[in-house]
Amino acid sequence: MSQTESQCSPALNVDLGARSYPIYIGPGLLGSGLLRSHVPSSQVAIVTNETIRPLYGERVARELADLQPLEIVLPDGERYKNLDVFNDVLSRLLERGFSRSCTLVALGGGVIGDLCGFVAASYMRGVRFIQVPTTLLSQVDSSVGGKTAVNHALGKNMIGAFHQPSAVIADIGTLDTLPAREVAAGLAEVIKYGLIRDPAFFAWLEEHMESLVAGDPAARIHAVRQSCINKAAVVAADETEQGVRALLNLGHTFGHAIETAQSYQGLLHGEAVAVGMRMAAELSCRMGHLVAADCQRIIRLLERAGLPVDPPEDVTVTSFQELMLRDKKTVDGNLRLILLRSIGEAYVCADVPAVKLQALLEDAGSWRRGAANG
């Protein structure tokens, strides 16, 4: 263990036996030497995008300067998380003669982490990679757990693999450069953890949402840490989503349908998930589980985070129906949705009455008009 690593002990550990890894959370981690201490190989590539490279690329490159890192700078945006860009990154590694002992560094948000992770899972049947998430959404969710993927025109994250990172280094300072919209998108995933398994955290979020939105460092560290505690516990119990890990998909089946219908150029992922969580909460009420007062608490907290709660006008009932049935969580043609019995207790529902789902989708189109008329 290096001196830097001993001074910055990992806040958390994802317990997966031989595939276990640390999650470091705190300010000032980039450029501290922590990343370098996790790169044992002589070949390293930094995969980032055009937005993040000017902000943090130099700092990371200097930390790895003795290894002469290859920098791969990609366009920014969800629509670039595809097989064409995936192939371009593979070609850069092959052209440089990277061996299976190399290390890849994913420097960016969820798109970079997912794509770089899938490259790492595929290149020479699997190489080491490190997640350096720079958005709130990636720090609390996508960087932890080993889900890697690219999108397809017919569905989000439909091509990918489980491949765990060797470390996650979440520098809270990177959140200071995020636009307000990106912060809000990340808060959707933070709220999700309270909804599915941590009611005390949900209550804490109700008390501190304005501080989180305003960028209070202590509040953000607590939110990231508590989110990662929840994510790490679920991943350790169910690494490849055979059971309890499915609960992490609350709101995602609706949300992925929105993203796909908009060709990944409309709502951000977290925004689409926020809408999806509202729809899941409403459906849970109609199923006779979640009480109406708790549904309203959920909607209010999402709105206080600056998130949308109504489906976009350009996503039709037919689009929802067709795209949701293509979702990865559909089994033998049966749609599985994550619903709520209460705040803090989620469950997998494989028998949603078609008439209730149809009514929800039809009514969802009137929510925005109803709010405007109110």
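The values are calculated or read from the model by the stated rules, or taken from the named source; none is laboratory data. Here the structure is a predicted model, which means the values were calculated and not measured. Counting neighbours? That spans all protein chains shown, and the Cβs are built from the backbone with ideal geometry, glycine included. In case anyone asks, the SASA skips ligands and DNA or RNA and just uses the protein heavy atoms, side chains included. Shrake-Rupley method; radii C 1.70, N 1.55, O 1.52, S 1.80 Å.
Okay, here's what the table says:
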{"item": "Using θ = phi - 60° and Karplus 6.51 cos²θ - 1.76 cosθ + 1.60, couplings along the range 40-53 (whole Hz; Gly, Pro as x)", "result": "x, 8, 8, 10, 9, 10, 9, 9, 9, 10, 5, 7, 7, 3"}
{"item": "Per-residue HN-Hα couplings for the range 260-269 [Karplus 6.51, -1.76, 1.60; θ = phi - 60°; Hz; x = Gly/Pro]", "result": "5, 4, 8, 6, 6, 10, x, 5, 5, 4"}
{"item": "Ranked by how many other beta carbons lie within 10 Å on average, peptides 341-347, 229-235 from highest", "result": "229-235, 341-347"}
{"item": "Size descriptor, Kirkwood hydrodynamic radius, that averages inverse alpha-carbon separations across the range 244-302, Å", "result": "11.9"}
{"item": "Semi-axes of the equivalent ellipsoid for the range 182-247, Cα gyration tensor, largest first, Å", "result": "23, 11, 10"}
{"item": "Calculated diffusion of the range 107-197, Stokes-Einstein form, Kirkwood radius summed over Cα pairs, 20 °C and 1.002 mPa s, µm²/s", "result": "158"}
{"item": "Placed amide H near Asn157: partners under 5 Å, 5+ positions off or other chain", "result": "Asn151, His152"}
{"item": "Approximate shape of the range 1-146 as ellipsoid semi-axes (Cα gyration tensor, √5λ), whole Å, largest first", "result": "22, 17, 16"}
{"item": "Carbon and sulfur %, accessible surface of the range 227-374 computed with the full protein complex present, 1.4 Å", "result": "49"}
{"item": "Cα gyration tensor of the range 203-360 - equivalent ellipsoid semi-axes, whole Å, descending", "result": "25, 19, 16"}
{"item": "Amide H partners (placed H, <5 Å) of Gly108, local residues excluded", "result": "Val132, Thr134"}
{"item": "Accessible area in square angstrom per residue, the range 133-216, 1.4 angstrom probe", "result": "31"}
{"item": "Relative packing of peptides 141-147, 290-296 - highest average C-beta neighbours within 10 Å first", "result": "141-147, 290-296"}
{"item": "Computed over the chain, Cα set: Rg, Dmax in Å", "result": "20.1, 63"}
{"item": "Portion, in percent, of the accessible area of the range 15-75 that falls on carbon or sulfur, probe 1.4 Å", "result": "49"}
{"item": "Peptides ranked, highest mean first, by Cβ atoms within 10 Å: ranges 154-162, 48-56, 167-175", "result": "167-175, 48-56, 154-162"}
{"item": "Phi to ³J(HN,Hα) by Karplus 6.51 cos²θ - 1.76 cosθ + 1.60 over the range 86-94, Hz, x for Gly, Pro", "result": "3, 5, 4, 5, 4, 5, 4, 5, 5"}
{"item": "Alpha carbon convex hull of the range 186-295, projected area averaged over orientations, nm²", "result": "7.9"}
{"item": "Ellipticity estimate at 222 nm from DSSP helix runs (n ≥ 4, -39,500 (n - 2.57)) divided over the chain, nearest 500", "result": "-14000 deg cm²/dmol"}
{"item": "Share antiparallel - DSSP beta bridges, the chain, percent rounded to 5", "result": "40"}
{"item": "Heavy-atom accessible surface of the range 87-202: percent carbon and sulfur, 1.4 Å", "result": "53"}
{"item": "Length-normalised contact order of the range 127-199 in % [C-alpha pairs under 8 Å, at least 6 apart]", "result": "41"}
{"item": "Length-normalised contact order of the range 1-147 in % [C-alpha pairs under 8 Å, at least 6 apart]", "result": "20"}
